[in-house]
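Trainee: Provided herewith is a single structure, encoded as structure tokens, for subsequent inquiry.
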Amino acid sequence: MRQVQVLLLLLIPFCAPAWVLSRELAEEIALGENPLYLASHEKVYQSVQKKWQAVADWCPKVVYESFYAYTFEPTIVEVVSSGALGYKQHLNMNKFGLSQPVFSSDLLFDLDRADLGLRRSQEENLQKKNQLLFSVRKSYYATLLAALQVETQKENIGYLQEALAIEKKRYESAVAPPLDVTKSAVASSNAISLYYQALKKWVSAKNALVQILGLEPAEADTIALEETSFPLKEIPIVREKLQEAKKHFCSNSITFLGALKQDPTESTLSLFSEEELRAYVVRALEYFPEIQLEKIAVDLQENALKKAYGKYFPHIATFIDYQKNAGDPGARTFSEDSFSWAAGVKLSWNLFDSFGRERKIKEAASKKIAAKLRYKYAALQTEVALRDTLRQIEEGIYAYLHAENAVFFAKKAMEQAKERLLIGTMRPLDYRDSVNEFSQAQYLRNEAAYQTICAYYQLTYLSQSANHTRQGNTLRTH
């Protein structure tokens, strides 16, 4: 009866209707639903409008001006009918004006700056996309890890429940003391508690995944992952490095215990060459959005420096005015006067401003130097992150291989212990230890696989932009 109750408890969380979610589908949903990523699209649109504003500043502008005033004291104006002077209190003027810039260093560099601003917003959009895809993949496999740990705990409960049943039969046959039954019951209850802890982590992982996808929180209760294991061997570079690392092992043999990675205090990589590292660094400098943003920041400061030098040049514009009562507002009514026009060229040149321009040039030059230094630092940070990521892949691969062997031996040891328990030549405590060791080995294998696949996606996050992520690049297929 107790076994049936435990089985029902284990099945309840999985009884809700589910829709299957693959990693690729999760990525597509996030790209279409995540609010923060969609907001970055609006920023690109805003930058496009700013660029057109800068273009519009070079185009002709037509202005209409109208003037009317009532004076407290009458004003002397010419009377149209007689040509004599008279007094008026109603004054008016109407004017159409057209202006066209011919040369302006400010407008010239503002146009270039608007183009750089558009490039920056586009790179920021790629940055958000890159970050979002990495977050989705990491969260997806974190959910898979939590689900596998739940399954591991369920298996552990099954083994301990079976051991408890054996102990009960032995007790009923007066072979086992009550203490063994009690301890087996305690171990089973503890395993159920650990199961619910794992279940809690699984629910939290699903909630986090749904939040990243931009879905309603209630969707977390209906999601089931398509993948049931970590696809390490489906990733070309991980599969290659796994094969290379296996050369240090004798599979399913106790000799693997002495086959450790090189001294962990060494700084060199064993599975990745320096040439491979440099190739990833080159890709990062070319594609990684954070690096590209720093490059654009240097270009923006270069633009600001050129604009500061442009202050030495004049501003030239043409104009055409077409107006009534141009020089004598109110002398005639709106219907009595005819329009007159004027056209010309206007030049404005700042010849001396107490060395203000020179100070702006020095400020802009200093900002450009600072931007270059930030770019250099970002490149160094990226290389350090790549080295650390490659090391994480190596460590994850070695840990995974050791954990796979540990699962193999732990399962064999548990089976041997069960045989001895059934014939009464092993203490229940030793069997429970074997069960727990098998559970721990599975847990560590799942953790190692998760760390390896996360490190791989960290590598893809650093070494290429999101545009390449969605294409058929071998480095980006997962």
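Trainee: Select, from 370, 379, 365, the only residue that is within 22 Å of the chain's Cα centre (by Cα) and hydrophobic (A, V, I, L, M, F, W, C).
Mentor: One residue alone meets the criteria, 379.
Trainee: Within segment 24-56, restricting attention to residues that are surrounded by fewer than 12 Cβ atoms within 10 Å (Cβ to Cβ) and aliphatic (A, V, I, L, M), which residue is farthest from residue 106 (Cα to Cα)?
Mentor: Applying the filter and picking the extreme gives 36.
Trainee: Sticking with this structure for a sec: Restricting attention to segment 37-67, and to residues there that are under 31 Å from the mean Cα position of the chain (by Cα) and small (Gly, Ala, Ser), which single residue is farthest from residue 214 (Cα to Cα)?
Mentor: Going through the qualifying residues, I end up with 54.
Trainee: Restricting attention to segment 164-211, which residues are surrounded by 14 or more Cβ atoms within 10 Å (Cβ to Cβ), modelled with pLDDT of 85 or more and β-branched (Val, Ile, Thr)?
Mentor: Hits for segment 164-211 are 192, 203, 210.
Trainee: Of everything in segment 424-473, what is modelled with pLDDT under 80 and within 23 Å of residue 144 (Cβ to Cβ)? Give them in sequence order.
Mentor: Within segment 424-473, 466, 469, 470 qualify.
Trainee: Looking at segment 415-433 only, could you name the residues that are surrounded by fewer than 21 Cβ atoms within 10 Å (Cβ to Cβ) and among the hydrophobic types (A, V, I, L, M, F, W, C)?
Mentor: 422, 423, 426, 429
Trainee: Of all residues in segment 443-464 being buried (at least 23 other Cβ atoms within 10 Å of the Cβ) and polar (S, T, N, Q), which is nearest to residue 281 (Cα to Cα)?
Mentor: So, considering only residues that are buried (at least 23 other Cβ atoms within 10 Å of the Cβ) and polar (S, T, N, Q), the one nearest to residue 281 (Cα to Cα) is 463.
Trainee: Does residue 376 count as modelled with pLDDT of 85 or more, assigned to a helix (DSSP H, G or I), touching a helix residue (DSSP H, G or I) at 6+ places or on another chain (Cβ under 8 Å) and not acidic (Asp, Glu)?
Mentor: No; evaluated as a whole, the condition is false for this residue.
Trainee: Now for a different question. Let me spell it out: the conditions are (1) without any contact (Cβ under 8 Å) to a residue 60 or more places away in the chain; (2) more than 29 Å from residue 290 (Cβ to Cβ); (3) not hydrophobic (A, V, I, L, M, F, W, C), and residue 424 meets all of them except one. Which number is the exception?
Mentor: For residue 424, the exception is condition (1).
Trainee: Is it the case that some residue within segment 385-397 is at pLDDT 90 or above, farther than 28 Å from residue 273 by Cα, of a type outside the set (Lys, Arg) and surrounded by fewer than 20 Cβ atoms within 10 Å (Cβ to Cβ)?
Mentor: No.
Trainee: Which ones in segment 33-63 are closer than 22 Å to residue 144 by Cβ and assigned to a helix (DSSP H, G or I)?
Mentor: Within segment 33-63, 33 is the sole residue that qualifies.
Trainee: Here is a further query. Are any residues in segment 355-374 under 16 Å from residue 310 (Cβ atoms) and β-branched (Val, Ile, Thr), and if so, which ones?
Mentor: Selection gives 361 alone.
Trainee: If you don't mind, there's one more thing I want to ask. How about segment 299-337: which of its residues are exposed (fewer than 14 other Cβ atoms within 10 Å of the Cβ) and modelled with pLDDT under 85?
Mentor: 327, 328, 333, 334, 335, 336
Trainee: Taking residue 70 as meeting all but one of (1) assigned to a strand (DSSP E or B); (2) more than 30 Å from residue 348 (Cα to Cα); (3) at pLDDT below 80, write down the number of the exception.
Mentor: (3)
The values are calculated or read from the model by the stated rules, or taken from the named source; none is laboratory data. Owing to the predicted nature of the structure, the values given are computational and were not obtained by experimental measurement. With ideal geometry, Cβ positions are generated from the backbone for all residues, glycine too; neighbour counts draw on all protein chains shown.
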